[in-house]
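The values are calculated or read from the model by the stated rules, or taken from the named source; none is laboratory data. Worth saying up front: this structure is predicted, and the values here are computed from it rather than measured. Ideal geometry is used to build each Cβ from the backbone, glycine not excepted, and the neighbour counts take in all protein chains shown.
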Amino acid sequence: MSTVAATALRPPRAAFAYWHEVTLGVLLLVFFLVAQALEPRFVLPAVQLDLAGDLWPTAIVALAMAMIVITGGIDLSVGAMTGLCAVVIGLGVEAELNVWLAAVLGLATGAACGLFNAVLIARARIHPLIVTLATMAGFRGAALAMTQGDTIQGFPQHYGAWLQGDLCGAPAPAWAFLLAAVAAVLLLGRSPYGRFLYAMGHNEQAARLSGVPATRLKVVLYGTSGLACGVAAVLLTSRYEQAKADFATGLELEVITAVVLGGISIFGGRGNVAGLLIGLALLHECNKFIPWHWHVSELTALVTGALLVGSVLLNSVFTRTRDRS
């Protein structure tokens, strides 16, 4: 690979680019100050730790989505995949399989669904928006057909006790997310594959000509997205000790909002894990505070939509500023 090509593959980080992360950090701090004034109990560590139980599945899927969006792709099927994986786990338990074997089947289902998306996107060259929109409907429909809309219960207590228990003072799902986040940081910032992802987001055709294995990377990324959905399904079924076809409904909107809010360009080629983490925290806290303070959970969808629009506008401002500098 030429020196020019290698230079082009480096992720862009102009000095002012960190203002996005700084701005998000300030907004998160302001949020906690306001929450402290309105609902002092909301910011207590014990309360925050309990509320975070719903964050970890979303956060793990968001990490996989971030990689895809950096390349200029998207996966709208993550919520439906998670629901389908949860149903597979539940049906395994209902059939009296060992619960851990059922969990492995759920993970395998997620990986298979992700690879199905990958083949259509990377091999058949169909736009990811079209593919994942279609599979979103297909996966959700399959989950509903398999359960007839019923809730599957009867999960053994040790399943939730192991997967939701504490490990060295922190919840086990938090450690799973931490490991995934560290892996994402190392991949994006310390490996040539991270540079390949940014290059694909800037100009996929030019990246291919520079020797980037774009097709293979897409297969890995969408397969990983499906596997992440399987992990999310395992965490959700262990937390609620049941499985439903409508698990993770709206997850795709939450994840995409967190990704874009975190400064990852929806057009690809820009973003980092630090911004994603702050974006995840801000979105999660807003969605939990609204029903806590106003007792109207329906407003969370409105706030998620507003944050998505606001983050797109903010990204546009930063992009124009970068282009002028």
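Would you check which residues across the stretch 176-219 are among the β-branched types (Val, Ile, Thr), part of a helix (DSSP H, G or I) and in contact (Cβ under 8 Å) with a residue 12 or more places away in the chain and list them?
Residues satisfying the conditions are 185, 215, 219.
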Quiz prompt | Number of the exception - residue 207 against (1) surrounded by 20 or more Cβ atoms within 10 Å (Cβ to Cβ); (2) over 30 Å from residue 147 (Cβ atoms); (3) under 21 Å from the mean Cα position of the chain (by Cα) | solution = (3)
Quiz item: Quick one: is residue 134 more than 15 Å from residue 236 (Cβ to Cβ), modelled with pLDDT of 95 or more and part of a helix (DSSP H, G or I)?
Solution: yes
Quiz item: If you go through the stretch 66-88 one residue at a time, do you hit one that is touching a strand residue (DSSP E or B) at 6+ places or on another chain (Cβ under 6 Å), assigned to a helix (DSSP H, G or I), at pLDDT 95 or above and closer than 25 Å to residue 245 by Cβ?
Solution: yes
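Please determine whether any residue of the stretch 219-227 is over 20 Å from the mean Cα position of the chain (by Cα) and either over 22 Å from residue 153 (Cα atoms) or buried (at least 24 other Cβ atoms within 10 Å of the Cβ) (or both).
No, the stretch 219-227 has no match at all.
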Quiz prompt | Residue match in the stretch 49-56 (condition: buried (at least 21 other Cβ atoms within 10 Å of the Cβ) and closer than 25 Å to residue 239 by Cα) | solution = yes
Quiz item: over 13 Å from the mean Cα position of the chain (by Cα) and in a loop (DSSP other than H, G, I, E, B): does that describe residue 289?
Solution: no
